[in-house]
Amino acid sequence: MAYGVTPDGFVRPRLPEIRQEIVADLRARMQSAGFNGAVETRPDSITGLLIDTFAEREATLWEQAEGVYYAMYPGSATGVSLDRSVSFTGVSRYLDEPSRAYVVLYGSAGTTVRAGAQIRHRVSQNLWALAAQAQILAGAAADVTLQPIVATNTEYRVSIDGQAYVYTSGATTNLPQILAGLVTALSASGLAVSSDGAAVRIHTDGRSAVAFTWSGALNLARLGSPALVQTLQASAEGAGEGDLDGIVTQVDGWTAVSNLQPGVAGRLAENAAELRARYPTGLFRLGAATLPSIAPNVRDRVAGVRTVKVFMNNTDEPDALGRPPHSVHAVVDGGLDDEVADALFRVVAAGIDMHGQQSVVIKDADGADQRIRFDRPELVYVWVRCVTTLLPPSEQAFPPDGFQEIADNLAAVGRAFSIGEDVILQRLYGAIYRSSGLASVDLALAYSTDAAFVPDPSDYHAANVAIQDFQVAAFDMSRIEVT
């Protein structure tokens, strides 16, 4: 029989076969040398001990050769060999990444907050830190609150990036009139403008900064500038709007912090099974400006991206969802807006229009502005109600933390659903029955696109949840009930 690399793959001889061949070869060599007597090869003989010693060493070498052979292929390689084998198609293992978010630092103008200054997540109490030094300035602000001085025949002027927005009071006036006039004038700026009855607030999305100046009839009540923060370690923790609101590192002049937009969850290092499953996408990633190549490139280039779905309209007319002719529509779950926009700019073909509600302006290599559009998936919030019936302890014991274990497994399976993927009830059953001691399970789901929705018992159904192409199912421990 042929051993080694054969047309059928690698064939390794086993220890008994190796020993048998050594015995046969030894006898043949001794006979050719003129020895015609019997050769003792029992394991407890001197010759047998020598044969076994060399057979075991040869078997080890064959095992090593087999390991080297299989280390070439993603399906069988492990450890560093797996990383190197998948690299032939441009795939690399996702490493640990921290969660990130844009926050607004509030305080006195001119205050500098050093890199590494820490803030706290109000729900988890985990620490986040500034990724780079930031300064609170009116010339680079994300959130400004101005309080008008009530006066007649007075000009109230606010300039944003050099563009003036003016309201002039009349011969008789009061504070509500001035605030209403300012809100109306500033609404044309495109920024968010509101009034609480005492002052007017103007703010961006909390990521971008603009230059503010104002006239003497307006007093500064609050000033905030944007900064990027991240978790201290790799984390898959997200941050909802307003969750990052606790200052840990005290800095003179820095009085408050908040995130005006949700943060981006990071991720833990990819395990071998996940890397093997993603390996085929490397073939698409090597493509240039083709539809299958866009999603893998965005996922690999942008930290925190969970999933990407790309649509296109290659006709000469707008489609039913309003996509322009000859356009690409990317729906991206995760990642910072700027980084997603930059990745799309690099992989979408030149001259192709882009569609979406998110609009980000980036600079190309020549310093020219390029407007990139994409969408975030609409969240479909899913509530899970799981009622279990347990087996008798004498038959199979239910773990002491079994209910929590089931909830954790349901949340993990739920988070694995990607954009446009229906919530399949049977997948959730599989997650539940990973726990022992269960006789039967009554499982029902409720869902809504409104996070504030509170489901009634009649809203729960034992049925799949249909998810549209631009939606994604959102699971959370707070919406999972196991009894």
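The values are calculated or read from the model by the stated rules, or taken from the named source; none is laboratory data. From a predicted model like this one, the values you see are computed outputs, not experimental measurements. A quick note on method: Cβ atoms are made from the backbone with ideal geometry, for glycine too, and the neighbour counts reach across all protein chains shown.
Here are some notes:
- The number of residues in segment 375-412 being in contact with a helix residue (DSSP H, G or I) (Cβ under 7 Å, 6 or more places away or on another chain), touching a residue at least 40 places away in the same chain (Cβ under 8 Å) and not hydroxyl-bearing (Ser, Thr, Tyr) comes to 8.
- Residue check for Asp442: assigned to a loop (DSSP other than H, G, I, E, B), surrounded by fewer than 18 Cβ atoms within 10 Å (Cβ to Cβ) and of a type in the set (D, E, K, R): no
- Checking each residue in segment 352-366 for being over 18 Å from Leu336 (Cβ atoms) and at pLDDT 85 or above picks out Ile352, Asp353, His355.
- Remark: pairs (first residue in segment 296-319, in the same structural domain as Leu344 (by TED's automatic domain parsing); second residue hydroxyl-bearing (Ser, Thr, Tyr) and in a strand (DSSP E or B); Cβ separation under 7 Å; 6+ apart in sequence or on different chains) = Met312/Ser327; Asn313/Ser327.
- Complete set of residues in segment 448-476 that are surrounded by 12 or more Cβ atoms within 10 Å (Cβ to Cβ) and either out of contact with any strand residue (DSSP E or B) (no Cβ under 9 Å at 6 or more places or on another chain) or farther than 16 Å from Asp333 by Cβ (or both): Ser448, Phe453, Pro455, Asp459, Tyr460, His461, Asn464, Val465
- Sole exception among (1) under 19 Å from the mean Cα position of the chain (by Cα); (2) small (Gly, Ala, Ser); (3) modelled with pLDDT under 90 for Ala341, by number: (3)
- For segment 17-53, a tally of residues being under 53 Å from the mean Cα position of the chain (by Cα) and in contact (Cβ under 8 Å) with a residue 24 or more places away in the chain returns 1.
- Listed by position, the strands (runs of 3 or more DSSP E) contained in segment 152-255 that have at least 2 residues being under 19 Å from Ser108 (Cα atoms), outside the structural domain of Val361 (by TED's automatic domain parsing) and within 37 Å of the chain's Cα centre (by Cα) are 200-203, 218-231, 244-247.
Listed here are the residues, each with its yes/no results for (1) in contact with a Pro (Cβ under 9 Å, 6 or more places away or on another chain); (2) of a type outside the set (A, V, I, L, M, F, W, C); (3) surrounded by 17 or more Cβ atoms within 10 Å (Cβ to Cβ).
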{"position": "Ser81", "(1), (2), (3)": "no, yes, yes"}
{"position": "Arg84", "(1), (2), (3)": "no, yes, no"}
{"position": "Ser87", "(1), (2), (3)": "no, yes, no"}
{"position": "Leu95", "(1), (2), (3)": "no, no, no"}
{"position": "Pro98", "(1), (2), (3)": "no, yes, yes"}
{"position": "Leu105", "(1), (2), (3)": "yes, no, yes"}
{"position": "Ala109", "(1), (2), (3)": "no, no, no"}
{"position": "Thr112", "(1), (2), (3)": "no, yes, no"}
{"position": "Ala117", "(1), (2), (3)": "no, no, yes"}
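- Members of segment 143-156 that are at pLDDT 95 or above and more than 14 Å from Leu179 (Cβ to Cβ): Asp143, Val144
- Answer residue from segment 46-79, given it is among the small types (Gly, Ala, Ser) and exposed (fewer than 13 other Cβ atoms within 10 Å of the Cβ) and is modelled with the highest pLDDT among those: Gly79
- Of everything listed in (1) assigned by TED's automatic domain parsing to the domain that holds Phe212; (2) in a helix (DSSP H, G or I); (3) without any contact (Cβ under 8 Å) to a residue 12 or more places away in the chain, the single unmet condition for Gln125 is (2).
- Where a residue in segment 325-348 is under 19 Å from Gly206 (Cβ atoms) and its partner, wherever it lies, is acidic (Asp, Glu), with Cβ under 8 Å and at least six apart: Val332/Asp375
- Members of segment 400-427 found to be of a type in the set (S, T, N, Q) and touching an Asp or Glu at 6+ places or on another chain (Cβ under 9 Å), listed by number: Ser418
- Residue within segment 197-217 that is over 30 Å from Ala134 (Cβ atoms) and surrounded by fewer than 16 Cβ atoms within 10 Å (Cβ to Cβ) present: yes
- Just one residue in the set Asp369, Asp422 is at pLDDT 90 or above, closer than 30 Å to Arg323 by Cβ, surrounded by fewer than 19 Cβ atoms within 10 Å (Cβ to Cβ) and not hydroxyl-bearing (Ser, Thr, Tyr); that residue is Asp422.
- Answer from Thr47, Thr53, Thr60 - the residue that is in contact with an Asp or Glu (Cβ under 7 Å, 6 or more places away or on another chain), under 30 Å from Glu21 (Cβ atoms) and not assigned by TED's automatic domain parsing to the domain that holds Gly240: Thr47
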